[in-house]
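Reading through the structure tokens given below for one structure.
The values are calculated or read from the model by the stated rules, or taken from the named source; none is laboratory data. Computed from a predicted structure; not experimentally measured. Reconstructed Cβ throughout: ideal geometry from the backbone, glycine too, with neighbour counts over all protein chains shown. Ligands, DNA and RNA are stripped out before the accessible areas are found, and what is left, the full protein with its side chains, is counted by its heavy atoms. Shrake-Rupley method; radii C 1.70, N 1.55, O 1.52, S 1.80 Å.
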Amino acid sequence: MRIKVSTFEYVLSKITPLLMKNLCNFHVQPIMPEERLVLTLRFVATGNTYSELAFSFKMGIKTFSNIISETMNCLWSVLSPLQMAVPSVDDFIKILEDFKTK
């Protein structure tokens, strides 16, 4: 499955403020939100283990797992209210009727 550039940029624009890390003396070059989103999408799309993907991206397993966890939490907190509307009473009735039919 290929993701459109516009979709990637839309998702990135929504989560960038939450993923932006402060520059400090400990990090020569922090991992930017774009990279974090790419790592997360690769993890979700391939189903590879943390160790396999961490090795292929030349980073530590703990760093990789922290990035995936943080990014997934950001994606859920930002996109779930936008993409998963709370069902109304009518929606529940339709679901119930469909369930009875099946």
Largest fluctuation, 46, 16, 71 only, Gaussian network model of the chain with Cα springs under 10 angstrom, belongs to 46
If I fit a long axis through the Cα atoms of helix 33-46 and take the longest principal axis of the Cα atoms of the chain, what angle between them do I get, 0 to 90°, rounded to 10? 60 degrees
Heavy-atom accessible area ranking, 1.4 Å probe, most first, across 52, 70: 52, 70
Which percent of the accessible area of the chain is formed by carbon and sulfur heavy atoms (probe 1.4 angstrom)? 62 percent
Could you order the peptides 92-101, 5-14 from most to least packed, using the average number of other C-beta atoms within 10 Å per residue? 5-14, 92-101
Could you state the angle between the C-alpha long axis of helix 89-101 and the longest principal axis of the C-alpha atoms of the chain, as a value from 0 to 90 degrees rounded to the nearest 10? 70 degrees
Which net charge results for the neighbourhood of residue 98, defined as the other residues with beta-carbon distances under 14 angstrom from its beta-carbon, given Lys and Arg at +1 and Asp and Glu at -1? 0
Which of these values of P(r) over Cα pairs in 5 Å bins from 0, in percent was calculated from the structure shown: [x] 2, 14, 26, 26, 17, 9, 3, 2, 1; [y] 2, 13, 20, 20, 16, 12, 10, 6, 2, 0; [z] 2, 11, 17, 18, 15, 10, 9, 7, 5, 3, 1, 1, 0? [z]
Once the Cα atoms of helix 61-83 and of the chain are each reduced to a long axis, what angle between those two axes, in degrees from 0 to 90 to the nearest 10, is obtained? 30 degrees
Can you tell me the accessible area per residue over the chain, all protein chains present, probe 1.4 angstrom, in square angstrom? 80 Å²
From Cα pairs below 8 angstrom and at least 6 apart in sequence, can you work out the relative contact order of the chain, rounded to a whole percent? 26 percent
